[in-house]
Structure formats: C-alpha cells, structure tokens
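**Student:** For reference, the structure I am asking about is given below.
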Amino acid sequence: MENLNSTTPDALVDRAWLDLSLATVLGHTKTATALRERVRDSRHDTGIILHGSKGVGKRTLARLYARAVLCETPTEAGEACRTCGQCVSFIKSRPIGYTWLDATKDGDEKTARKLVGELNVGSVAARRVIVVGNADRCTNGAFDALLKTLEEPKSPITFILLAQVLAEVRLAGQSRCELYRLRPLDREDARVTLEAMLCAAGTSIDQRALDVLVAETGGRVGDMHAAVRAVAALSFVTLGWVRKALGHGWVEEVTAFWGTALSANEPPLEALILPLMDDARETQRRVQTVLLRLRPAVLGASAVAVYESEAALVHQHSVIRELSEMLAARAASLSRTPLDLWCALARLWLSDDHGDFDGLREAGRATRLVITEDVQALGSA
Ligand SMILES: [Zn+2]
C-alpha cells in the first residue's frame, strides 16, 4: 500500500461493475435506494457498513456508491454521471480520491496510522472515499486509528466498511456508521436473474447445469457475477462442464464408497478406506452429506429442502435412489428396518469428528462392522 491514491492492484481489475448503476444493481434495491438518497442529499459525512455473507455483492455496491460520492456532477437520481473527470478516472482504473484497504492484508496499526497521517495532509480530491474490506477482521489498533477520522463531524472522507459478520466490527465503528445488511436473493429470483445474466453474456445453459449454479451461488449476487464471468467464453454450458469447473467430482468417489459399503457382498476393508479429498474434515463432510441424503423418508418430513443446499448433489437423484435401495436391501438382509440401519451409520459418521486419515480409516472399518452387524467387534473397536 505505497501509493494511497491508487487502489490495490486487484481491487478494480474486473470491469463488469462499470456498466451497473445503483438503480440497476441486482438484489439490493432497498440499500441501493438509500445510498442514492445519500448522494442526492450530499450526505457523505457518516460512514456506512455493508454487511452480509461472502459473495453477496458488497464490493460491487461499495464501488458504485464510491463512484457516485466522488462524482463531480451526480444526477438528480443520485447516480454517478459517468462523464466527469472523476467518473472517467474510474473507467481508467485510476480513480482519484478512492482508496481500497483489505483489513486482512493492510489491517495492521502501522498501515492505518500511515493512512490517517496522509489523509491529514490533504488530497487533490475534495472528497475521499476509503473502502475497508474485511472490516470485521481489522485489528483493534488499526480500527481505533481509523476511528479518529470516522468521528470527525465535517469529514471530507467517506468510509465504506465491508464485513461478513457485523458483530465483529468494533462497536464504536458500528455506532458511527449507517448499517446496511445485504441478503442473498431467494431461489426463484436467483434462477431467473442468473439465466438473464447468462443470456446477456451471450451464453446458453443446460437447465440442469443452471440448477447446479443456482445452488452453488446461493442467491449471492457477487458469486452469480463471478459464475457468469467464468462461463462467459462458452456458447453453451453443459452439466458436465459445470460439475467439473466446480470440483464436484468427489460425488463419484463418495457414492462409490457408500455403494461398496452397502453392496450385498461383504466388502474388504481396503475398499472402505477413503481417499483424502482436500483434507480429512472435508472428506468426512462429503461422506456425511451423501449419508444424509440416504435417510429413509419419515412421515411428515420433507427431504426436498436438503437437496437444494448441496450444489454437488443437485440432479444426482438416480445415484441417491440406487444407494437408498441398497440400504433398504442391506437392512432387510439383517432383519432391520432401513431407518434403524441408517441411524447406526449416522451415529458413526455424523456424531464424531474422525480427525485425520487414520481416523477415517478407522471409521471405514467401523462402517463394515455396522453393515455386517458384527456388534461384538464394534463394541471392542
Ligand atoms: Zn461523474
């Protein structure tokens, strides 16, 4: 962060946001309207906090608002004019008076003090906007140094703090800012919006692939933009392409594990040793995720909702159905109900943290004991 009048190199590298405005930004109408009112009324002194989950669209909204605040001739609707020197400086990725800090990288006290020192010297811009990304991870010392500037009543600086967890932003900061919570779109809106975005990018998509993308992006507008950018070079997006790009290949390995475990033959132990996928914890989570889908239907319970939460399992009904049938057949051979057998597997896989590779190996062994009903061996395991 040597040159405080420039942005950090990655902050404005994607250009798609330049075409958006506060009026057309997706999914955050209420917040965008409030921000336009602030611009219209030249109410720039109080800082704002935009908070919400990762990928929800905080950064895009921060840029749009910053551009409108810094614009020399904002429109009556509270938008940037896009033609003045300041607006053009954004197009050139060298915005004047705009500073981007990432608290996870620049959030130390020394950097913050240096920034405050330079702010006091003044700037060519009449007003400055400082965006602090990950403000919920700013060190207390750095935050307090910035706070001094936040407190000044007629400050020529507008702070925009971005946070995933509002509660972790220093209370003193929260009380001096206007708070705006950004929420993801609901599922139906997300689907329509994502399809429209892809269409605008000249890309068509297999409807099942679209379902996977909707689940993966969870209605978070920032993630949806990133997904569209990732597929924009393709004229047609297939289900296979999306699964591969999102790293969903693990479903095959984990369903193969359960297929082996539940097959009519007694599986050899080696067949029940899982390959490590990313790390042990993630491997266990994936095994759990598939097991949860195998839970035999209970009257009154809906299984639909869980399907939607795991993008990797969208449109995997046939393999899940096949495994469920194997579970039922296995249970019948042991004279147990499917739910009873499932509960035994759930006790093993859903309750304990198996920790590392050895732990997973042990869990594989215990799985075999459960499905062969070697209760005695299980007790001594
Ligand atoms: Zn302008």
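**Student:** Where the second residue is not aliphatic (A, V, I, L, M) and the first is open to solvent by 50 Å² or more (accessible area, probe 1.4 Å) and lies in region 218-231, which pairs have Cβ atoms under 8 Å and are six or more apart or on separate chains?
**Tutor:** Pairs found: Arg220/Ser53; Arg220/Lys54; Arg220/Gly55; Arg220/Gly57; Arg220/Pro184; Arg229/Asp14.
**Student:** Somewhere in region 298-313, is a residue at pLDDT below 90 and open to solvent by less than 50 Å² (accessible area, probe 1.4 Å)? Step through it out loud before you land on a result.
**Tutor:** Restricting attention to region 298-313, the residues satisfying the condition of being at pLDDT below 90 are 298-310.
Now narrow it down to the ones that are open to solvent by less than 50 Å² (accessible area, probe 1.4 Å): 310.
Yes, that holds for at least one residue.
**Student:** Among the numbered conditions (1) at pLDDT below 90; (2) in a loop (DSSP other than H, G, I, E, B); (3) over 23 Å from His248 (Cα atoms); (4) not hydroxyl-bearing (Ser, Thr, Tyr), tell me where Leu146 comes up short.
**Tutor:** Answer for Leu146: the failing condition is (2).
**Student:** For region 269-285, how many residues meet the condition of being without any contact (Cβ under 8 Å) to a residue 12 or more places away in the chain, out of contact with any helix residue (DSSP H, G or I) (no Cβ under 6 Å at 6 or more places or on another chain) and part of a helix (DSSP H, G or I)?
**Tutor:** We begin by selecting, within region 269-285, every residue without any contact (Cβ under 8 Å) to a residue 12 or more places away in the chain; these are 270-271, 278-279, 282, 285.
Narrowing the set further to residues that are out of contact with any helix residue (DSSP H, G or I) (no Cβ under 6 Å at 6 or more places or on another chain) leaves 270, 278-279, 282, 285.
From the residues that got through so far, the ones that are part of a helix (DSSP H, G or I) too are 270, 282, 285.
Summing the residues that are without any contact (Cβ under 8 Å) to a residue 12 or more places away in the chain, out of contact with any helix residue (DSSP H, G or I) (no Cβ under 6 Å at 6 or more places or on another chain) and part of a helix (DSSP H, G or I) in region 269-285 gives 3.
**Student:** Are any residues in region 43-99 within 11 Å of the ligand (Cβ to nearest atom), touching a residue at least 40 places away in the same chain (Cβ under 8 Å) and open to solvent by 40 Å² or more (accessible area, probe 1.4 Å), and if so, which ones?
**Tutor:** Ile91
**Student:** Can you tell me which residues in region 151-195 are more than 15 Å from Leu61 (Cβ to Cβ) and open to solvent by less than 60 Å² (accessible area, probe 1.4 Å)? Give the steps one after another, and end with the answer.
**Tutor:** Going through region 151-195, the residues more than 15 Å from Leu61 (Cβ to Cβ) turn out to be 151-157, 165-176, 186-195.
Answer for region 151-195, where residues must be more than 15 Å from Leu61 (Cβ to Cβ) and open to solvent by less than 60 Å² (accessible area, probe 1.4 Å): Ser155, Ile157, Leu166, Val169, Ala172, Gly173, Gln174, Ala190, Arg191, Thr193, Leu194.
**Student:** Name the residue, out of Val212, Val169, Val192, Val165, that is free of Cβ contacts under 8 Å to residues at least 60 places away in the same chain and β-branched (Val, Ile, Thr).
**Tutor:** Numbers: Val212 fails: free of Cβ contacts under 8 Å to residues at least 60 places away in the same chain; Val169 fails: free of Cβ contacts under 8 Å to residues at least 60 places away in the same chain; Val165 fails: free of Cβ contacts under 8 Å to residues at least 60 places away in the same chain.
Just a single option satisfies the conditions, and that option is Val192.
Rundown of residues vs (1) over 28 Å from Arg59 (Cα atoms); (2) in a loop (DSSP other than H, G, I, E, B), yes/no style:
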residue	(1), (2)
Glu216	no, no
Gly219	no, yes
Ala233	no, yes
Gly247	no, yes
Phe257	yes, no
Thr260	yes, no
Pro267	yes, yes
Val287	yes, no
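Okay, residues lined up against (1) within 12 Å of Gln288 (Cβ to Cβ); (2) surrounded by fewer than 19 Cβ atoms within 10 Å (Cβ to Cβ):
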residue: Arg330; (1), (2): no, no
residue: Ser333; (1), (2): no, yes
residue: Thr337; (1), (2): no, yes
residue: Trp342; (1), (2): no, no
residue: Leu345; (1), (2): yes, no
residue: Asp352; (1), (2): yes, yes
residue: Asp356; (1), (2): no, yes
residue: Arg361; (1), (2): no, yes
residue: Glu373; (1), (2): no, yes
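**Student:** Out of Ala167, Ala209, report the one residue that is assigned to a helix (DSSP H, G or I), in the same structural domain as Leu50 (by TED's automatic domain parsing) and not acidic (Asp, Glu). Even if it seems obvious, please write down each step before you answer.
**Tutor:** Details: Ala209 fails: in the same structural domain as Leu50 (by TED's automatic domain parsing).
The match here is Ala167.
**Student:** Sticking with this structure for a sec: Assuming Arg183 fulfils every condition listed in (1) in contact with a helix residue (DSSP H, G or I) (Cβ under 7 Å, 6 or more places away or on another chain); (2) of a type outside the set (A, V, I, L, M, F, W, C); (3) at pLDDT 85 or above apart from one, which condition is it?
**Tutor:** Among (1) in contact with a helix residue (DSSP H, G or I) (Cβ under 7 Å, 6 or more places away or on another chain); (2) of a type outside the set (A, V, I, L, M, F, W, C); (3) at pLDDT 85 or above, the lone unmet condition for Arg183 is (1).
The values are calculated or read from the model by the stated rules, or taken from the named source; none is laboratory data. Quick caveat, the model's predicted, so the values are computed rather than measured. Neighbour counts run over all protein chains shown; Cβ positions are idealised from the backbone, glycine included. Ligands, DNA and RNA are excluded from the accessible area calculation, which covers all protein heavy atoms including side chains. Shrake-Rupley method; radii C 1.70, N 1.55, O 1.52, S 1.80 Å.
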